[in-house]
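Q: Please find one structure pasted underneath; my questions will follow.
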Amino acid sequence: MGLNLPQILGQLEKMSAALAEQQAALRRLLPAARKAFEHAASLTFEELDAQVKRAGDRYRGARPTEEPLLAVFEPPPLDAGLVVAGADGSQIYPDRHAPALYFAVQVGGLAMEIGSGLPPQVRTQSQLYYQQEDLHDQQGYPIGNAMVNGRRDAQEMKALADWAGTYAGRPLVALLDNGLLLWFALQVREQNQKDVDLILQAYLGNLDRLRDSGGCVAGFIDRPRSADVLALAHLATLPPSGVSDEALRVNPFRALTDRALFEELLQPGQRSACFIDSSPLNEDFRKKHHEVLFFYLKTDSRGTIARVEVPAWVAKDTALLGCVHAAILDQCRSTGGFPYVLVRAHELAVITNEDRQQLEGLIQQRLLESGLGARPSQKATTKRWTRSRRKHRL
Amino acid sequence: MTNKSEMDTYFGERKGETPLGMVVGGSLSSGLLVKLDSRLSIERLAVGRYVVIQGKSGRKFFGLVTDIALDATNPDLVRQPPAPDDAFAAEVYSRQVAYGMLSVSPMLMLDPEDDQPRPNKTVPAHFAPVHEASAEDVERVFGAEDEKHLFLGTPLDMEAVHVNLDLDRFVERSSGVFGKSGTGKSFLTRILLAGIIRAGRASALIFDMHNDYGWAVKEEGGHEVKGLRQLFPGGQVSVVTLDEDTSRSRGSKVDRVLKIGTQQIEPEDVEMLSGLLGLSDVQTGALPFLRRRLGPGWIDRLLSDTPDDELEKMVEDERIVSSTLGAIQRKFEFFRRMGFLVPGAGDDAVDDIFRRLNQGSSVVLEFGRYGNTLAAYILVANYLTRRVHERYVRKMNEAVGKKADEPRPLVIVIEEAHKFLDPAVAGHTVFGNIARELRKYNVTLLIVDQRPSGIDDEVMSQIGTRVTCLLDNEADIRAVFSGVSGAGALREVLARLDTRQQALILGHAVPMPVVVRTRDYDEAFYQWLGATDDAGERKQRAKRGSEALFGE
Amino acid sequence: MTSDDKAIGRVTRCSTRGFVGAVRLPEPEWPVFGTFCRAEAQQGHSQVIGLIYDLSIEDDELARQLAATESLSPEQLADSQVNRQVPVEYRALAVGYRHGERFVQSLPPQPPLTLAPIHRLSDADVRKFTAQLDFLKLVIAVQEIPVDDLLAAALQTAAAARPESERRAYLVEAAAECARLVGRDLTRLESLVRSLRP
């Protein structure tokens, strides 16, 4: 049976009405938010920094850098001979209905020598995980999807570091289709400290390699939903005495995103000032000299806003930062606001449903060949029965 | 051929040999259509070749390629051929779309249980494979050479095979050697006669118009070849000449000089000359009357310069018109020029010749310089033939029931035969009679002619064996094939003979029509004939000769 | 042999008349029109021999996006043309099957298995399979596909699998077989023969 459309249709109308109402409410909210941000900008860095410190560990927002909050930056010209690399990954999550328990990660990447006219170099790396220790956490429970994501993200960074190694000594911008912070680590650290730390160390090690080979790296987040800068604006509006957990929680701009704010503030091609991510995870990164900073960038004339994350050693180096800025804009020109290398990296990495079926077929076949009984769970089988097929036509 | 294993090899199956093609259609009367195997080059084939067709029932057919054609599965191909410079397309098309067709005239068939091939009564089934006949196949058809079989030549492209003529059958009926001038008729005739004489099957009376048969003969190239008298010095051949001077100057050995007394000439002898002498019907009609009134010396009296009372009286009595008589006399002046005509009763030449013939000696009548005068040739040929034939008829009638007393078979050889056998005269001349009466009196004709169309159809149809060199006149070709079934197919073959030393033989004396390259008339041939008096040694020599020549 | 052993996709749909294969490959590795391929059938007891006659590129939005943009860089263009694993779908006509070591030139008893890997036929197998020409009539009988172009491509492929010295003779033989089959239509035959010229 398909979707029960008559039932859905009625709900759909209510949904669109609700959405319209939300949009209107947000638009009404935006001037106040902007005003708050302008207020924050009027404060000195020291005043603002003091306010942030006042908010303490519980504060979940952006921390200012020495760049003025309202500053906008035009992109510098693109370096000739720049190499732009991109990496993206995909995965097959462990499925207890599958013929065997495993998971897989596939990372695709490519590196493009701007101005060379040559086809980019392409790499795809696939990895099957099937060992018991890969599949279970320290308590012996089956691992969750977050762990798989973590391994994927780490592989992505490794791919970028590999590209930087390949082009060592040449200006290189490595782009990641994600933020730079390994979010999974926050999610699953409790259950699987040892593995998480191993992965995190490998990740940071790859950032070292990237930096050491002379390249720079940026995480590209399309359509960011974060509101870190707005949180900072809200914090700035509070009187020094009024900074409390309670006050921080009643953020009137909560429904808004930074994106809405910077859509108004940035012209196409311009980037915002850099901010520091205040996630506790960033402390781990900072300790390893990879503290993550971010800025917003209007990637195209239609006003698409992206959040770009860079490690501190990039953010602090005007040339490197400019290089990232210019490279991302150049990459976005033909693809409507999303870096080309990431489009292609995704394409190289993606594991389709069909691929997955094929893989499972092969696994089943190999297991049978080696005398191991293997078949999908009855549930998986019945699902396949009911999946419709196209007729062969000739 | 009675041996089973030999039978199996008769037109044996060709294992591993690619057939020329297969039968795809046709009929008994119009011949078979054979689609040529695409792998074979049509250009390698030739009309006149033999093929063996393996029938589905085990019966085998022997046929002659009579035509070669180009055909196509799609008739539009002629309008839409491949590009002229496209060798690939040409090769492809010629494998499938375009192909060669052979017309094959089925000649003989052989049933598995038979030991000799028989004339064809049916055709092979569809798609029967067709092979080129091997030398062995052809050899079997034409039999072995022996006392009564004359090796006349070899089929085209089969030098090792002998086409042998059955001499008994050859002389049994009248025969003909045809071909336009310069195609080697007289050579061929000489070979035939030499064969007949050697085999002793018959005597020949040869009216040798151009001195081609008796003594040394000059070839076109200037090379001199031997005449029959030289080839048979042992008395089997006599030369009788009409022109002693010429014969002597040629160094010809002459056995007798023929003189004909004017008194021996009868009106019937002159009748045949009427056309040549320009005698009108009235004038010709007056001859028997004149003979009756003037007696045996009628010609002498008509030619005499002294006045003849009786003639004058006849005119006075209006028994004959003066102008008619005058014309006859004027036209009879011709006889004066004929040196072989002597006034008076003449001698026993006819009896002598008959005797010679009957004793087994062939007679070559050399015309010497008279050969250029057709009238002389016709006069003498007619004169002698009538009298010899008369004696044969008499002798045959006397010998009824007594085979041993029958006169020896006689073959009378005449050249320019259409002059004797044209439809206007054939009905009532001795030659017409001989041709028609077959071998009733042991006399047959061998006619040598370049214009067979001039010969009366009825006579032509009685010609048992026809040996034909190249003819290019449609009417002549038609005449040669008159009365032959399936002749249409052979016409192409005939029209494509070489001008020299090739002949199509068909009829009574061969099992099937055959194109041959005629054997050479040369030293080897002389040797085979064994020109010596001693019969025993002759045989020995002949044997040795044939061994050396044919490796028997 | 490595290139022969590498799969060129998998069967997605099939019938005894033929099958459809799909694969994501960069352009240099796409199968070619007129390629002989094989796919397992009957639990691996036989292999269906297919002749690829239609290649199509499945819907690809990136290509569409890039085509529309004015600022496509040379590297991006080269990337699309050389590197991108474009989803290719191709149709193969069943022209025979292999049973053990024996090739049979008629429709297979069963279609290949779904998702059976599709391989190029090795040169040696192409030679062996195309030694007989009965498959031509299976091709000619098909409607609504460019039969003549397919024949030409297939036979040129078959010829190319042979040593140089045998090619012309093979093409002549094959073209003659075509002539037998389409000899009624000389215009068609003419162009077919032209396309078979060595």
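Q: Using the reciprocal of the averaged 1/r over all distinct C-alpha pairs, how large is the Kirkwood radius of the protein assembly as shown in Å?
A: 41.4 Å
Q: Mean shadow of segment A:57-159, computed from the convex hull of its alpha carbons, in nm²?
A: Here the figure is 11.9 nm², rounded to one decimal.
Q: Can you compute the FRET efficiency between residue B:329 and residue B:223 using 1/(1 + (r/R0)^6), with r the Cβ-Cβ distance and R0 = 45 Å? Round to the nearest 0.05.
A: Using R0 = 45 Å, I get an efficiency of 0.45.
Q: Further question: Sorted from fewest to most neighbouring beta carbons within 10 Å, what does the list C:29, C:190 look like?
A: Ascending number of Cβ neighbours within 10 Å: C:29, C:190.
Q: In nanometres, what is the gap between the two model label sites at residue C:137 and residue C:43, each 7 Å from Cα along Cα-to-Cβ?
A: Those two pseudo-labels are separated by 3.4 nm.
Q: If you take the square roots of the eigenvalues of the alpha-carbon gyration tensor of chain B and sort them as a ≥ b ≥ c, do you get rounded (a/c under 1.5), prolate (a/b over b/c) or oblate?
A: prolate
Q: Restricting attention to segment B:27-103, which trypsin sites (Lys or Arg not before Pro) occupy a DSSP loop and are surrounded by at most 13 other Cβ atoms within 10 Å? Write out the running numbers ahead of the final one.
A: Working: sites: B:35, B:39, B:44, B:49, B:56, B:59, B:60, B:79, B:95; in loops: B:39, B:49, B:56, B:59, B:79, B:95.
Answer in residue order: B:39, B:56, B:79.
Q: Return the distance in nm (one decimal) between the two label points of a simple spin-label model at residue A:370 and residue B:111, each offset 7 Å from Cα along Cα→Cβ.
A: In this crude label model, residue A:370 to residue B:111 measures out at 8.1 nm.
Q: Which listed residue (C:193, C:72, C:109) has the Cα farthest towards the positive end of the charge dipole for segment C:2-196, taking +1 on Lys and Arg C-beta and -1 on Asp and Glu C-beta about the Cα centre?
A: C:109
Q: Taking neighbour counts of Cβ atoms within 10 Å as a proxy for exposure, in what order, fewest first, do A:203, B:99, A:340 appear?
A: The order, fewest Cβ neighbours first, is B:99, A:203, A:340.
Q: Segment B:174-261: which GluC sites (Glu not before Pro) are DSSP loop and have at most 14 other beta-carbon atoms within 10 angstrom?
A: Hits after loop and neighbour filter: B:219, B:220.
Q: Which cross-chain or sequence-distant (5 or more) residues have an amide H under 5 Å from the amide H of residue C:118, H modelled 1.01 Å from N in plane?
A: Amide H to amide H, under 5 Å and 5 or more residues apart or across chains, residue C:118 pairs with C:8, C:9, C:10, C:11.
Q: Grab the beta carbon distance between residue B:42 and residue B:259, set R0 = 51 Å, and tell me the FRET efficiency rounded to 0.05.
A: 0.25
Q: Which Cα, out of C:81, C:48, C:26, lies furthest along the positive dipole direction of segment C:1-101 (beta carbon charges, K/R +1, D/E -1)?
A: C:48
Q: Cross-link candidates for residue B:185: which lysines have Cα within less than 23 Å, leaving aside residues fewer than 8 places away along the same chain?
A: Leaving aside lysines fewer than 8 places away in the same chain, those within reach of residue B:185 are B:148, B:218, B:226, B:419.
Q: If you don't mind, there's one more thing I want to ask. Counting just the Cα atoms, what span does segment B:262-342 cover along each of its three principal axes? Round to the nearest Å and put the largest first.
A: Computed over segment B:262-342, the largest-to-smallest principal extents equal 34, 25, 19 Å.
Q: Below 8 Å between Cα atoms, with a sequence gap of 6+, how large is the relative contact order for chain B in percent?
A: Values: 1064 pairs, mean separation 101.3, N = 552.
After rounding, I find 18 percent.
Q: Further question: Where a ≥ b ≥ c are the square roots of the eigenvalues of the C-alpha gyration tensor, would you call segment A:83-349 rounded, which needs a/c under 1.5, or, failing that, prolate if a/b is larger than b/c, or oblate?
A: In terms of gyration-tensor shape, oblate.
Q: Which helices count as membrane-span-like in chain A under these terms: full DSSP H, at least 20 Å along the axis by C-alpha, Kyte-Doolittle mean of 0.5 or more?
A: A:318-332
Q: Under 24 Å from the Cα of residue A:194, which lysines turn up, not counting those fewer than eight places away in the same chain?
A: A:158, A:287, A:288
Q: Could you check the simple spin-label distance between residue A:145 and residue A:319, using points 7 Å along Cα→Cβ, in nm with one decimal?
A: With each label point 7 Å from Cα toward Cβ, the separation is 4.4 nm.
Q: Where does the longest stretch of chain A lie that holds no trypsin sites (Lys or Arg not before Pro) found in a DSSP loop with 11 or fewer other Cβ atoms within 10 Å?
A: A:97-224
Q: When the dipole is taken about the Cα centre of chain B, and only Lys, Arg (+1) and Asp, Glu (-1) are charged at their Cβ, what size is it in debye, to the nearest 20?
A: So the dipole magnitude of chain B works out to roughly 740 debye.
Q: May I pose another question? Ranked by Cβ crowding within 10 angstrom, fewest neighbours first, how are B:279, A:69 ordered?
A: Fewest-to-most ranking of B:279, A:69: B:279, A:69.
Q: Taking only complete DSSP H runs, can you tell me which helices of chain B stretch 18 Å or more along their own long axis by Cα positions and average at least 0.0 on the Kyte-Doolittle scale? Could the numbers behind the result be given before it?
A: Values: long enough: B:185-199 (21 Å, 1.10); B:281-294 (20 Å, -0.21); B:322-337 (24 Å, -0.54); B:374-398 (35 Å, -0.32); B:535-550 (22 Å, -1.34).
Qualifying helices, which must be both long enough and hydrophobic enough, are B:185-199.
Q: For residue C:186, what is the net charge nearby, where nearby means another residue's Cβ is under 9 Å from its Cβ and Lys, Arg count +1, Asp, Glu -1?
A: 0
Q: Something else about it: Just to confirm the filter: which GluC sites (Glu not before Pro) across segment A:39-128 are DSSP coil and have at most 15 other Cβ within 10 angstrom of their Cβ? Before the final figure, lay out each step's value.
A: Working: sites: A:46, A:47, A:66, A:113; in loops: A:66.
Hits after loop and neighbour filter: A:66.
Q: For a bin width of 5 Å, list the pair-distance distribution of segment B:207-329 built from all Cα-Cα distances, rounded to whole %.
A: 2, 9, 16, 15, 11, 9, 9, 10, 9, 6, 3, 1, 0
Q: Treating the beta-carbon of each Lys and Arg as +1 and of each Asp and Glu as -1, no other charges, what is the dipole magnitude of chain C about its Cα centre, to the nearest 20 debye?
A: For chain C, the charge dipole is close to 820 debye.
Q: Can you give the % of DSSP beta bridges in the protein assembly as shown that are antiparallel, to the nearest 5?
A: Roughly 75 percent of the beta bridges in the protein assembly as shown run antiparallel, per DSSP.
Q: Name the lysines eligible as straight-distance cross-link partners of residue B:402: C-alpha to C-alpha under 22 Å, and not fewer than 8 places from it in the same chain.
A: Within the straight-line limit of under 22 Å, residue B:402 reaches these lysines: B:440.
Every read-out reported here was derived from the displayed coordinates using simple, explicitly stated rules and does not represent laboratory data. The shown structure was predicted, so the numbers you read here are calculated from the model rather than taken from an experiment. Ideal geometry is used to build each Cβ from the backbone, glycine not excepted, and the neighbour counts take in all protein chains shown.
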